[in-house]
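Here's the structure we're looking at; comments come further down.
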Amino acid sequence: MPATARREVLSDLIAAPGYSALKAARETRGYSLEELSLTCGLSTHEIADIESGRDADPSKLRRIAVALQMPEGAFIDMPASENRPMQ
C-alpha cells in the first residue's frame, strides 16, 4: 500500500469515534495486540492501557512506534486529544 494511502487510512481511523491514533496505526499495519506485544516487548495490558489513554510513558510509545516502523516520536509529539479515545 502506498504511503499516501496509509496516511489517509490512518487519518480516517483517527477521526472515527473510539479510536486512538496508536490503535489506528496498529490496525492499519495489521498487528493484533498480541503481535505488537511480541514485536515491541511490552505486555498486551501495557499496550491496551496506552491505547485507552491510561498510560503515556514516552519510552513505551517509542518502542511501539519503532515496532510499527514509524518515527520514534510519532505518538509522543501528537496532541493528547488525538492519542486518546473519543468519549
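If you take every residue apart from Thr44 with its C-beta less than 12 Å away from the C-beta of Thr44, what net charge results, scoring Lys and Arg +1 and Asp and Glu -1?
-4
Give the ranking of Lys23, Lys60 by solvent-accessible surface, highest area first, calculated with a 1.4 Å probe.
Lys23, Lys60
The values are calculated or read from the model by the stated rules, or taken from the named source; none is laboratory data. Computed from a predicted structure; not experimentally measured. Positions of Cβ are generated from backbone atoms using ideal geometry, with glycine treated the same way; all protein chains shown enter the neighbour counts. Surface accessibility is based on the protein's heavy atoms, side chains included, excluding ligands, DNA and RNA. Shrake-Rupley method; radii C 1.70, N 1.55, O 1.52, S 1.80 Å.
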